[in-house]
1. Are there any pairs with C-beta distances below 6 angstrom linking a residue in segment 69-98 that is more than 12 Å from Lys9 (Cα to Cα) to a residue that is among the acidic types (Asp, Glu), with the two at least 6 apart or on different chains, and if so which?
2. Within segment 19-67, which residues are in contact (Cβ under 8 Å) with a residue 60 or more places away in the chain and away from ligand 2 (no atom under 16 Å from the Cβ)?
3. Considering Leu157, Leu121, Leu135, which residue is in a helix (DSSP H, G or I), in contact with a strand residue (DSSP E or B) (Cβ under 8 Å, 6 or more places away or on another chain) and more than 16 Å from ligand 1 (Cβ to nearest atom)?
4. Any residue that is in contact with a strand residue (DSSP E or B) (Cβ under 6 Å, 6 or more places away or on another chain), modelled with pLDDT of 95 or more, of a type in the set (Val, Ile, Thr) and crowded, with 16+ Cβ neighbours inside 10 Å - is there at least one of those in segment 272-289?
5. When you check Ala85 against the structure, is it under 23 Å from Val306 (Cβ atoms), over 14 Å from the mean Cα position of the chain (by Cα) and modelled with pLDDT under 95, yes or no?
6. Are there any pairs with C-beta distances below 7 angstrom linking a residue in segment 242-265 that is farther than 16 Å from Asn166 by Cα and not assigned by TED's automatic domain parsing to the domain that holds Glu189 to a residue that is of a type in the set (Lys, Arg) and surrounded by 13 or more Cβ atoms within 10 Å (Cβ to Cβ), with the two at least 6 apart or on different chains, and if so which?
7. Might you check whether a residue that is within 30 Å of Gln159 (Cβ to Cβ), part of a strand (DSSP E or B) and either free of Cβ contacts under 8 Å to residues at least 12 places away in the same chain or among the hydroxyl-bearing types (Ser, Thr, Tyr) (or both) occurs anywhere in segment 206-225?
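The values are calculated or read from the model by the stated rules, or taken from the named source; none is laboratory data. Bear in mind that the values here come from a model prediction, so they are computed numbers and not experimental data. As a convention, Cβ positions derive from the backbone with ideal geometry for all residues, glycine included, and neighbour counts pool all protein chains shown.
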Amino acid sequence: MKIKNLYLKNFRNYAEETFSFDAGLNVLYGRNAQGKTNCAEAVFYLCTGTSPRARKDKQLIRAGESAAFIRADAESRFGTVRIEADIYENKREIRVNGMKISRNADLLGNINGVFFSPSELRLVQDGPDERRRFLNVSISQLSKSYYTALIRYNKILEQRNALLKNRDLSVVFETLPVWDAQLCRYAAEIAEKRQEFIRELSPLAAERHAYLTDGAEKLEIYSEKKYPATKEEIEKKLNEEFAENYERDVRLGFTASGPHRDDLKILIGGEEARVYGSQGQARTAALAVKLAEVEIFKEHAGEYPVLILDDVMSELDLPRRRKLLEKLDGVQTVLTCTHTEKVLFGKTVNKIRIAGGKIKR
Ligand SMILES: Nc1ncnc2c1ncn2[C@@H]1O[C@H](COP(=O)(O)OP(=O)(O)O)[C@@H](O)[C@H]1O
Ligand SMILES: [Mg+2]
């Protein structure tokens, strides 16, 4: 997938600007706080319908304005696609080729995007939430049924947790099996897709990691929780597990196990990276995972996603920067940095200088 151009209107610190992107490496450079990440954010927003950093869409609207607008024209193997988003304070409208979509699921898969910034280090260093978020954002782009299952699962889970706080225990124990029958259908979809994704991710990430570290350290990724092979078996197992834990959940007042609590283990050289890894090790592991993700997208969607590398070069040492650049062949990349000479090694690329929410031509 290649984005040909991006138009921003009243988005973050941009009043109005149009970017033309090359099919290869696009470098947004300039001093701090000029709008580089804002542009990268807009690209990812059109891929996924969510910002990699803002909690609320409202933050995307230029201060003092009432709406933001972003548009991109892209080319995929299915032809050209135009994505537009009107973002208002309390609502938004997204259109794909002029057609308004009613569910975010219908946006996913039009332009696939992989976003990597220094805060993706959290993937390795933070708690399980970050790793689940990574899985959710990534798999949702590849599978609408995953995304839909996730939304429904979370909704039922919320209701289940409310029920668990009900002090009328006969009602609780009567209603739980009803919720759980539904919950486990979606839970099984989520667990199965994650299992499949991790099975593919793990060897690819290990390979990328060996490449980045010249084979110095071994990266292992696996799901802490083991599920059976088929979705039917997973559903059955989950139903049993939920039922076995009724009393615990009632006592705690929330659902203490299930896919919303599953974690991904990341080991470097046999040690858990989260606990024992250095900052540098976490960085390289996270990068390896992201590069593996790019490859999985290629395998599933038949073409590379758009790769957004926000500020990551400054975090890497020279040999790794060089290695990273070598891995980008054929992948449309939007890269932000402050000093191009430190990242490009003389490569000719599409350079775009940003200052004060404008392209400096
Ligand atoms: N909603 C907004 N309206 C106006 N300016 C904004 C908005 N959100 C962020 N900014 C401004 O954008 C700038 C940061 O842009 P950013 O893309 O993160 O910088 P960088 O070039 O360092 O990546 C800051 O000056 C910030 O004040
Ligand atoms: Mg930035």
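1. Arg77/Glu303; Arg82/Asp73; Arg92/Asp57; Glu93/Asp86; Arg95/Glu84
2. Ser20, Phe21, Asp22, Ala23, Gly24, Leu25, Leu46, Cys47, Thr48, Thr50
3. Leu135
4. no
5. Answer is no for this residue.
6. Note: no pairs meet the criteria.
7. Taking every residue of segment 206-225 in turn, at least one turns out to be within 30 Å of Gln159 (Cβ to Cβ), part of a strand (DSSP E or B) and either free of Cβ contacts under 8 Å to residues at least 12 places away in the same chain or among the hydroxyl-bearing types (Ser, Thr, Tyr) (or both).
The rows are residues; the columns are (1) among the basic types (Lys, Arg); (2) buried (at least 18 other Cβ atoms within 10 Å of the Cβ); (3) within 22 Å of Asn38 (Cα to Cα); (4) not assigned by TED's automatic domain parsing to the domain that holds Tyr222.
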position	(1), (2), (3), (4)
Ala74	no, yes, yes, yes
Thr80	no, no, no, yes
Ile87	no, yes, yes, yes
Gly98	no, no, no, yes
Arg103	yes, no, no, yes
Asp106	no, no, no, yes
Asp126	no, no, no, no
